[in-house]
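**Q** Would you mind keeping the following structure in view while I ask a few things?
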Amino acid sequence: MNFTPTQQQIALTFLSGIGSRRARVIIRHFNDLNEFFSEKKLNLAKIPGIQADFISHKQRMLALEAAKKVDDALQQLGGETVFFTEAHYPRRLKQCADAPLLLYAKGKIDWNPEKIISIVGTRNASDYGKQLTEEFMQEIAKTGTTVVSGMAYGIDILAHKAAVKLQLPTIGVLGHGLDTLYPSAHRKTAQQMIENGGLITEFAPGMKPEPAYFPMRNRIVAGIADATIVIESGIKGGSLITANLANDYNRDVFAFPGDVTRPYSAGCLKLIQQNKAHLITNTADLLEVMSWKDAEKPNTVQRNLFVDLTTDEERIIETLTTKKEMTIDVIGYLTTFTVGQTAALLLNLEFKGLIKSLPGKRYALI
């Protein structure tokens, strides 16, 4: 047969009625796919778990012809494929029963890095969510962890952009083929990601975004990572789907708490309340639970330098040592002070010359 192994692998995913589980039966039964595509229908019917009606000779030939066109398009895009049986197929994803048989990819991707996390969240990120994403990424960059997300509006693209800025490997999982990008507004970021990470999808070139594809994408986001971090989420939506999938895959899930009155804190709080996620307030929490050694520990402020501080003021100072800067809302969350108490304490510390106020109601140590 005049079809390459890659084309045969692509064709296998095109066969009607052959999902990832049945495909694995075929892979185990035949030494190579060339044997499968040339086998007689009668013999295929004898394989347990395979219904020959789904894979007639005509259907197999049509799948191969379609696969050749996809392979040609992929070459023009500068993309590649990674098949389930190949050594560099993502080992974490391979552990998932419903892992895609084939992935299309573009970029410079380390498929099996030492540490890899997924970051997800609402498309309607608040200022609080934006700051959490930025601060979390600044700290996680010190550990060299690869960051995965779904290229969507909101938290997803904020995580990708921060990773690019911090020169951290980042992978975007798409809900369509590599020949398009949704949303198109993120095309520049996608191009930058290809230099240190890249784009992956289970959908062949030519396949456009469809509502049903994005939940399928989410299982890759959850399955390819050691842990999933939910930064800000509503009570429903893709972020919670991804978190629940990660739980199903026995992966760790982390969620940042938020103001109980905010709709996009509800999803995170629900995950924590139902014991489906670890409560996380900073990167150190993640590193501790995951038993990952932090490459660069933040400097600590010696208490004996501030003998004139009250206990509450010391709590503010200690909280600020964990981040480069924080908003008053975040400081209040972490110290459990009310907004009024936090504002008064920050004002006193500013008068004492220990902290400085920044635009956007942010504060940092001097």
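The values are calculated or read from the model by the stated rules, or taken from the named source; none is laboratory data. Here the structure is a predicted model, which means the values were calculated and not measured. Reconstructed Cβ throughout: ideal geometry from the backbone, glycine too, with neighbour counts over all protein chains shown.
For every residue, the table says whether it meets (1) outside any strand (DSSP E or B); (2) out of contact with any Cys (no Cβ under 6 Å at 6 or more places or on another chain); (3) surrounded by 16 or more Cβ atoms within 10 Å (Cβ to Cβ); (4) without any contact (Cβ under 8 Å) to a residue 24 or more places away in the chain.
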residue	(1), (2), (3), (4)
D72	yes, yes, no, yes
Q76	yes, yes, no, yes
V82	no, yes, yes, no
P100	yes, yes, yes, no
W111	yes, yes, yes, no
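**Q** While we're looking at this one, here's another question. Here are the criteria: (1) assigned to a helix (DSSP H, G or I); (2) free of Cβ contacts under 8 Å to residues at least 24 places away in the same chain. Tell me which single one I47 does not satisfy.
**A** Of the numbered conditions (1) assigned to a helix (DSSP H, G or I); (2) free of Cβ contacts under 8 Å to residues at least 24 places away in the same chain, the odd one out for I47 is (1).
**Q** Same structure, new question: Is segment 136-146 home to any residue that is in a helix (DSSP H, G or I), polar (S, T, N, Q) and either out of contact with any helix residue (DSSP H, G or I) (no Cβ under 8 Å at 6 or more places or on another chain) or not assigned by TED's automatic domain parsing to the domain that holds N282 (or both)?
**A** No - not one qualifying residue is present in segment 136-146.
**Q** Here are some conditions: (1) on the phi > 0 side of the Ramachandran plot; (2) in a helix (DSSP H, G or I). G107 meets all but one. Which one does it not meet?
**A** (2) is the only condition that G107 fails.
**Q** Same structure, new question: Only residues that are more than 23 Å from I331 (Cβ to Cβ) and either touching a strand residue (DSSP E or B) at 6+ places or on another chain (Cβ under 7 Å) or surrounded by 21 or more Cβ atoms within 10 Å (Cβ to Cβ) (or both): list them for segment 250-266, please.
**A** R251, D252, V253
**Q** If you don't mind, there's one more thing I want to ask. Modelled with pLDDT of 95 or more, in contact with a strand residue (DSSP E or B) (Cβ under 9 Å, 6 or more places away or on another chain), under 29 Å from S291 (Cβ atoms) and of a type in the set (S, T, N, Q): does that describe T201?
**A** no
**Q** Would you check which residues across segment 186-228 are part of a strand (DSSP E or B) and of a type outside the set (G, A, S) and list them?
**A** L199, I200, T201, T228
**Q** Moving on. In segment 84-95, what count of residues is obtained for those that are surrounded by fewer than 21 Cβ atoms within 10 Å (Cβ to Cβ) and assigned to a loop (DSSP other than H, G, I, E, B)?
**A** 7
**Q** Okay, moving on. Return yes or no: is I155 of a type in the set (V, I, T), in contact (Cβ under 8 Å) with a residue 24 or more places away in the chain and within 30 Å of N31 (Cα to Cα)?
**A** No; evaluated as a whole, the condition is false for this residue.
**Q** Select from segment 312-366 the residues that are hydroxyl-bearing (S, T, Y), free of Cβ contacts under 8 Å to residues at least 40 places away in the same chain and surrounded by fewer than 18 Cβ atoms within 10 Å (Cβ to Cβ) and list them in ascending order.
**A** Of everything in segment 312-366, those that are hydroxyl-bearing (S, T, Y), free of Cβ contacts under 8 Å to residues at least 40 places away in the same chain and surrounded by fewer than 18 Cβ atoms within 10 Å (Cβ to Cβ) turn out to be T335, T336, T338, S357.
**Q** What's the number of the only condition in (1) surrounded by 19 or more Cβ atoms within 10 Å (Cβ to Cβ); (2) small (G, A, S); (3) more than 13 Å from the chain's Cα centre (by Cα); (4) closer than 29 Å to A66 by Cβ that G198 fails to meet?
**A** Evaluating G198 over (1) surrounded by 19 or more Cβ atoms within 10 Å (Cβ to Cβ); (2) small (G, A, S); (3) more than 13 Å from the chain's Cα centre (by Cα); (4) closer than 29 Å to A66 by Cβ leaves (3) as the failure.
**Q** For segment 192-207, how many residues meet the condition of being farther than 30 Å from L12 by Cα and out of contact with any helix residue (DSSP H, G or I) (no Cβ under 8 Å at 6 or more places or on another chain)?
**A** 1
**Q** Within segment 2-38, count every residue that is more than 30 Å from the chain's Cα centre (by Cα), part of a helix (DSSP H, G or I) and among the aromatic types (F, W, Y).
**A** 2
**Q** Which residues, counting only those in segment 117-132, are buried (at least 21 other Cβ atoms within 10 Å of the Cβ) and either within 21 Å of I220 (Cα to Cα) or touching a Cys at 6+ places or on another chain (Cβ under 9 Å) (or both)?
**A** Those that are buried (at least 21 other Cβ atoms within 10 Å of the Cβ) and either within 21 Å of I220 (Cα to Cα) or touching a Cys at 6+ places or on another chain (Cβ under 9 Å) (or both): I117, S118, I119, V120, G121, T122.
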